[in-house]
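So the structure is just underneath, and the comments pick up after that.
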Amino acid sequence: MESKIKKDITILAIETSCDETAAAVVRNGRTVLSNVISSQIDLHTMYGGVVPEIASRKHIENIDVVIQEALNEAGITLSELDAIGVTYGPGLVGALLVGVAEAKAIAYAAHLPLVGVHHIEGHVSANYIEHPDLEPPFLCLIVSGGHTHLVVVKEYGVYEIIGKTHDDAAGEAFDKVARSIGFGYPGGPKIDKASKAGNPQAMAFPRAHIDGHPNDFSFSGIKSAVLNYLNQAAMKGEEVNANDIAASFQAAVVDVLVEKTMNAARDLHMTTVAMAGGVASNSGLRTAMEEACKRENLTLVYPSLIYCTDNAAMIGAAAYYEYIKGNFSGLDLNAVPGLKIGERKI
């Protein structure tokens, strides 16, 4: 595809789907000239999770500064850009609207094409940034706070969902279990850290398998199992080892994620497996997936930690492949909080 492009394509990308205000300048979908992220984690920690209204207000306060910093860091002016890319779904509707409105205003003022980007497709595209030889087709495990999907990336921007969660996403289960143990927010990194000091075989938490849906996931059962364990211990007056609970819970989730990914790769004769999303930064998952792919003689790719969590560089990568296909958005682009993977409303 790149051979059809007559010149380098430089895109300013904006991401505001949750509680990170992010902007980046990306060239040709692979080269990151700047990647600026303003996180609100400290602000939301006192509430035990993201408060949508507060997130939206902070995006409004931060977005101009973050965009200008991204342009300055890249040494780029608006006149040197080829397009504006922006996340328009899924996510928190108020947060999304801030980024979409900003992107439309810049595109209009600078006479630039606008490219609406699916947030989760952005996570998948993060792999292109650090793996220059990666090209479709490949199998991707998407694991985040709101999504757990097994997806075949058939072409750039073309996805086939072969597995999804029937209830909680993996990241959502991490956050809820962390809260029940008393770790607080954000749950994923805290459980990952505690697991290193715990025994992953201390508790036999369930591994869910769904009849008739071999590639699908379910994490509500393991979440309930942890809550039941804690409640029973409290009723009996027994002390609990938080590190052992974290390690046992994480091991159960990781086992299911890895097993289903390996089975799907085998069934579909895939040679490359990718991971994407915030939970792809989990050290236990990375280690287990590396070991499994080595046994199965599969190539494994995943982004650096900075590109696993929400960022705008991944949006710029995804926007490039939409740009070269001519998939532009109008100035009537709106936020779509429930946008599905592969769905276009632009």
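The values are calculated or read from the model by the stated rules, or taken from the named source; none is laboratory data. Model, not experiment: these values are computed from the prediction. Cβ atoms come from the backbone with ideal geometry, glycine included; neighbour counts cover every protein chain shown.
Here are the numbers for this structure:
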| item | result |
| --- | --- |
| Filtered residue count, region 104-130, keeping only those that are in a helix (DSSP H, G or I) and closer than 27 Å to residue 272 by Cβ | 12 |
| Failed item in (1) among the basic types (Lys, Arg); (2) without any contact (Cβ under 8 Å) to a residue 60 or more places away in the chain; (3) in a loop (DSSP other than H, G, I, E, B), with residue 294 passing the rest | (3) |
| Residue pairs meeting the criteria (Cβ under 7 Å; at least 6 apart or on separate chains; first under 18 Å from residue 107 (Cβ atoms) and assigned by TED's automatic domain parsing to the domain that holds residue 21, in region 66-79; second small (Gly, Ala, Ser) and assigned to a helix (DSSP H, G or I)) | 78/110 |
| Matching residues in region 300-325 - criterion: being among the β-branched types (Val, Ile, Thr), crowded, with 24+ Cβ neighbours inside 10 Å and assigned to a helix (DSSP H, G or I) | 315 |
| Count of residues meeting criterion [of a type in the set (Gly, Ala, Ser), farther than 15 Å from residue 145 by Cα and in contact with a strand residue (DSSP E or B) (Cβ under 7 Å, 6 or more places away or on another chain)] in region 244-283 | 3 |
| Restricting region 131-148 to residues that are part of a loop (DSSP other than H, G, I, E, B) and over 14 Å from residue 309 (Cβ atoms), the residue that is modelled with the lowest pLDDT | 132 |
| Meets criteria (under 17 Å from the mean Cα position of the chain (by Cα), at positive phi and buried (at least 20 other Cβ atoms within 10 Å of the Cβ)) for residue 187 | no |
| Test result for residue 342, in contact with a strand residue (DSSP E or B) (Cβ under 6 Å, 6 or more places away or on another chain) and touching a residue at least 24 places away in the same chain (Cβ under 8 Å) | yes |
| In region 229-271, the residues that are exposed (fewer than 14 other Cβ atoms within 10 Å of the Cβ), among the polar types (S, T, N, Q) and farther than 30 Å from residue 161 by Cβ | 231, 232 |
| Residues within region 5-17 that are crowded, with 24+ Cβ neighbours inside 10 Å and not aliphatic (A, V, I, L, M), tallied | 3 |
| Residue within region 168-176 that is aromatic (Phe, Trp, Tyr), more than 16 Å from residue 342 (Cβ to Cβ) and at pLDDT 95 or above present | no |
| Filter result for residue 154 (assigned by TED's automatic domain parsing to the domain that holds residue 232, in contact with a strand residue (DSSP E or B) (Cβ under 7 Å, 6 or more places away or on another chain), in contact (Cβ under 8 Å) with a residue 40 or more places away in the chain and part of a strand (DSSP E or B)) | no |
| Checklist (1) touching a helix residue (DSSP H, G or I) at 6+ places or on another chain (Cβ under 7 Å); (2) buried (at least 19 other Cβ atoms within 10 Å of the Cβ) applied to residue 296, failing item | (2) |
| The one condition in (1) modelled with pLDDT of 95 or more; (2) surrounded by 20 or more Cβ atoms within 10 Å (Cβ to Cβ); (3) part of a loop (DSSP other than H, G, I, E, B) that residue 339 fails to fulfil | (1) |
| Residues of region 68-103 satisfying the condition of being assigned to a loop (DSSP other than H, G, I, E, B) and farther than 17 Å from residue 36 by Cβ | 82, 90, 91, 92 |
